[in-house]
Amino acid sequence: MSTPQFIDVAPPRISNTAAMILAGLGERFTQATSTGIPELWPRFSGAYGRMPNIVHGPAYGVCSNVGPDCSFDYLAGTEVTSGDGLPPEFTQIHLPPQRYAVFAYPGHISAIKDVIGSIHT
């Protein structure tokens, strides 16, 4: 396992966001397996054109369902108006309206493990 590197992440933008449905490719990760997150993005990009009901806008990387062992679900996705008709390999997450801390990182996705670690630190 590699030593985590500190990434200088800009302070979060606080956003009061309306409810959203995000759809894309997701998997469950642990700290040890989180190096697999970057592999989701090219797969998601390649399947993007098969997604119905897309709201054209930004793509999102969402961590959710954190377990007591610090495992978590990660979704590489985009907003959709409905999850109807999604291909079977896609998953969806319903985000309630609430206040979010939004971290933007303009660097390469391969640094995501260090970015997440820096945010938590």
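When every alpha-carbon pair in region 28-121 is counted, what percent end up more than 19 Å apart?
Taking all Cα-Cα pairs of region 28-121, the fraction more than 19 Å apart is 45 percent.
What part of the accessible area of region 29-78, given as a whole %, is carbon or sulfur when the probe is 1.4 angstrom?
Roughly 58 percent of what the probe reaches on region 29-78 is carbon or sulfur.
Provide the gained length on full extension for the span SER45 to GLN98, in nm with one decimal, where the gain is 0.36 nm per separating residue minus the Cα-Cα distance.
In short, 16.3 nm is gained.
Let me test this: with uniform point scatterers at the alpha carbons of region 1-74, what is the Debye-based log₁₀ I(q)/I(0) at q = 0.21, 0.24 1/Å?
-1.22, -1.31
Using a probe radius of 1.4 Å on heavy atoms only, what accessible surface per residue do you get for the chain? Whole Å² is fine.
61
The values are calculated or read from the model by the stated rules, or taken from the named source; none is laboratory data. Quantities reported herein were computed from a predicted structural model and do not represent experimental measurements. Note: areas computed on protein heavy atoms with side chains; ligands, DNA, RNA excluded. Shrake-Rupley method; radii C 1.70, N 1.55, O 1.52, S 1.80 Å.
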